[in-house]
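These notes are about the structure you will find just below.
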Amino acid sequence: MKFSISTTKVTETKSSCLILPVFEGGQLNRAPKLIDAANGGIISDFQKNADITGKIGQCRMLPVQNKTYKRILLVGCGKYEKYSENRYKKALTSALKKLTSTNHKSATNFLAAGHKPNKKVDYRTARIMAEVWHQISYQYTATNSKKAKEFRLNRLSLGTNGRKRNPEMKKGFDHGNSIGSAIKKVKHFGDLPANFCTPSFLVQEARKIASTHKTVSLKVVNEPEMKKLGMGALLSVTAGSIEPSKLIILKYQGGKSNQKPIVIVGKGVTFDSGGISIKPGHKMDEMKFDMCGGAAAIGILQAVADIGLPLNVISIIPACENLPSGNATKPGDIVTSMSGQTIEVLNTDAEGRLILADALTYCQRFKPKLIIDMATLTGACIVALGHHLSGLMSNSDDLAKKLLAAGEAAGDGTWRLPLGKKYMDQLKSNFADIGNISGGGGGAGTVTAACFLQKFVNDVEWAHLDIAGVAWLEGNNKGATGRPVALISEFLIQEASK
Ligand code: BES
Ligand code: MN
Ligand code: ZN
């Protein structure tokens, strides 16, 4: 897709289709008003007859004659007073979906991410255009005999209706393209089944990013080195699997070499059967998505490198399978983590926290400015928050606040849950320094999982995102969502602008 800026008057736009807003019960203003006048009141006539009411997402394609444009796509944008970035996103999504079902090759967008044009609105309008395009053009075909559908639409312009272009528009396209393609990639990794998306596959994909960006380097820790490092927690999870586990370290240097890095850790369990504490069969296939945090860590690093943010970012992905076998870890087994703390593995299905524990210890060597981990960690998080918001837990009010705000801005929201000694105490073990689950019940499974992780972050500023409910959709629309790439990218863009 080619994104461009069209600064001609709306009435002189050369494009196969103009995308114009219609508000509920509202007067036409600016671009639609001019087009209405230039075409004998065609839009107001449609409104009069309720052919379009302006309901959000409604689409009507109108043919016009002897103009520099062939069609007008009217898009319902809801009530004018309630118009927002979110509604713009919705309206644009239905417009672009509609266009992909036609043969039109180009379109010019006159919907905007706010009421009055200004620099911020221009940036957001362009960025969301690119993000939405990537979102609706994602197709999973890797393991189907059917080929992907080719889109005719190949040029999308941002129409300014005579206003001068400004650099924020191009920046918006660049950011939106980088974030959008990263999300696409993360969805792809998530959707791939576990016999394709293995830890070694993730290494290959990480290597591609390193070899195509001068600013990115890759290090992979293999099992022999894990043993040397004393990563008993990570190794205990992979013990039952034949697929070799990998600790992937992708480094992006966009800032000064003495600038402390932001470390992003992602759970990369490419299949979680539960191990000896085996899961029931129903929906077990969905545990191929248990690497979505790891995939997001790879995607975020790619986005940041594509944009070229002036930051140092390191993504760390512990990747392995969790399977039962004669070699598998058994409930009650005690392992020693890289930090030296011993762990009683009361339930082998609480494996994410075990691999993250060693990854969190490993990342201390980089003297991180802050750490954010992302993991499909607990079913309990789905009970608490459903499929709308990620669970956010942090030892820093400041970082939590920033992440809540970034999530809100990116449409990739979170909700904060507590941490604290009382929850931490639920992890006490009679036989080891800590249990991997709350031995005596007590509920709060999402919080106790985070407390477990906290034992391995030392005093570094840290946030944990439990993405169990948001990383993929179930049912007929089963598929990875790419979350929380948008949220973390937004956070990093904000960090870089300081
Ligand atoms: N990957 C799962 C969490 C999960 C389950 C995510 C369902 C999304 C949907 C994780 O490894 C797990 O199995 N957690 C256990 C922890 C329990 C044993 C304390 C869980 O949530 O049941
Ligand atoms: Mn599990
Ligand atoms: Zn898991």
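Considering only residues that are touching a Leu at 6+ places or on another chain (Cβ under 9 Å) and farther than 21 Å from VAL345 by Cβ, which ones fall in the range 276-293?
Hit for the range 276-293 is LYS288, nothing else.
Could you please let me know if TYR69 is at pLDDT 95 or above and over 29 Å from the mean Cα position of the chain (by Cα)?
Yes; evaluated as a whole, the condition is true for this residue.
State whether one or more residues within the range 354-373 are charged (D, E, K, R), within 26 Å of SER236 (Cα to Cα), free of Cβ contacts under 8 Å to residues at least 24 places away in the same chain and away from ligand 1 (no atom under 13 Å from the Cβ).
Within the range 354-373 (the criterion being charged (D, E, K, R), within 26 Å of SER236 (Cα to Cα), free of Cβ contacts under 8 Å to residues at least 24 places away in the same chain and away from ligand 1 (no atom under 13 Å from the Cβ)), the answer is yes, since at least one residue qualifies.
Just to be sure, is PRO244 of a type outside the set (S, T, N, Q), farther than 27 Å from TRP472 by Cα and more than 16 Å from ligand 1 (Cβ to nearest atom)?
no
Given the criterion in contact with a Gly (Cβ under 9 Å, 6 or more places away or on another chain) and assigned to a helix (DSSP H, G or I), identify the matching residue among ALA31, ALA37.
That would be ALA31, the only listed residue that is in contact with a Gly (Cβ under 9 Å, 6 or more places away or on another chain) and assigned to a helix (DSSP H, G or I).
Tally the residues that are free of Cβ contacts under 8 Å to residues at least 24 places away in the same chain and either among the charged types (D, E, K, R) or within 16 Å of ligand 2 (Cβ to nearest atom) (or both), restricting the search to the range 396-441.
8
Specify which of the listed residues (ASP358, ASP425) is assigned by TED's automatic domain parsing to the domain that holds ALA297 and open to solvent by 40 Å² or more (accessible area, probe 1.4 Å).
ASP425
Please verify whether GLY176 is of a type outside the set (D, E, K, R) and surrounded by fewer than 18 Cβ atoms within 10 Å (Cβ to Cβ), treating the condition exactly as stated.
So GLY176 fails the test.
Would you check which residues across the range 297-326 are over 13 Å from VAL265 (Cβ atoms), within 16 Å of ligand 3 (Cβ to nearest atom) and open to solvent by less than 10 Å² (accessible area, probe 1.4 Å) and list them?
Within the range 297-326, CYS320, ASN322 meet the criteria.
Evaluate the range 109-127: report whether one residue or more is among the polar types (S, T, N, Q) and out of contact with any Gly (no Cβ under 9 Å at 6 or more places or on another chain).
yes
Among residues belonging to the range 256-274 that are crowded, with 17+ Cβ neighbours inside 10 Å and more than 11 Å from ligand 1 (Cβ to nearest atom), point out the one that is farthest from VAL237 (Cα to Cα).
Among those that are crowded, with 17+ Cβ neighbours inside 10 Å and more than 11 Å from ligand 1 (Cβ to nearest atom), it is PRO261.
To keep it simple, each residue is scored yes or no on (1) closer than 30 Å to LYS330 by Cβ; (2) over 20 Å from the mean Cα position of the chain (by Cα); (3) outside the structural domain of ASP397 (by TED's automatic domain parsing).
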site	(1), (2), (3)
VAL447	yes, yes, no
ALA463	no, no, no
ALA468	yes, no, no
GLY482	no, no, no
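Could you tell me which of the residues GLY281, GLY294, GLY266, GLY275 is within 15 Å of ligand 3 (Cβ to nearest atom) and more than 16 Å from ALA182 (Cβ to Cβ)?
The conditions single out GLY275.
For residues that are open to solvent by less than 20 Å² (accessible area, probe 1.4 Å) and not in a loop (DSSP other than H, G, I, E, B), tally how many sit in the range 102-120.
Going through the range 102-120 one residue at a time, the tally reaches 3.
Would a scan of the range 337-346 turn up a residue that is open to solvent by 40 Å² or more (accessible area, probe 1.4 Å), more than 15 Å from ligand 1 (Cβ to nearest atom), of a type outside the set (Phe, Trp, Tyr) and in contact with a helix residue (DSSP H, G or I) (Cβ under 6 Å, 6 or more places away or on another chain)?
Yes, there is a match, as at least one residue in the range 337-346 is open to solvent by 40 Å² or more (accessible area, probe 1.4 Å), more than 15 Å from ligand 1 (Cβ to nearest atom), of a type outside the set (Phe, Trp, Tyr) and in contact with a helix residue (DSSP H, G or I) (Cβ under 6 Å, 6 or more places away or on another chain).
Just to be sure I understand, how many residues within the range 337-353 are within 16 Å of ligand 3 (Cβ to nearest atom) and either without any contact (Cβ under 8 Å) to a residue 12 or more places away in the chain or hydroxyl-bearing (Ser, Thr, Tyr) (or both)?
Matching residues across the range 337-353 total 1.
Being modelled with pLDDT of 95 or more, open to solvent by 50 Å² or more (accessible area, probe 1.4 Å), more than 12 Å from the chain's Cα centre (by Cα) and not polar (S, T, N, Q) narrows it down to one of PRO193, PRO167, so name that one.
Selected residue: PRO167, the only one of PRO193, PRO167 that is modelled with pLDDT of 95 or more, open to solvent by 50 Å² or more (accessible area, probe 1.4 Å), more than 12 Å from the chain's Cα centre (by Cα) and not polar (S, T, N, Q).
The values are calculated or read from the model by the stated rules, or taken from the named source; none is laboratory data. The structure displayed is predicted, hence computed values, not measured ones. Methodologically, a virtual Cβ is constructed for each residue, glycine included, from the backbone with ideal geometry; neighbour enumeration extends over all protein chains shown. Side chains are part of the model used for accessible areas, which takes the heavy atoms of the whole protein and leaves out ligands, DNA and RNA. Shrake-Rupley method; radii C 1.70, N 1.55, O 1.52, S 1.80 Å.
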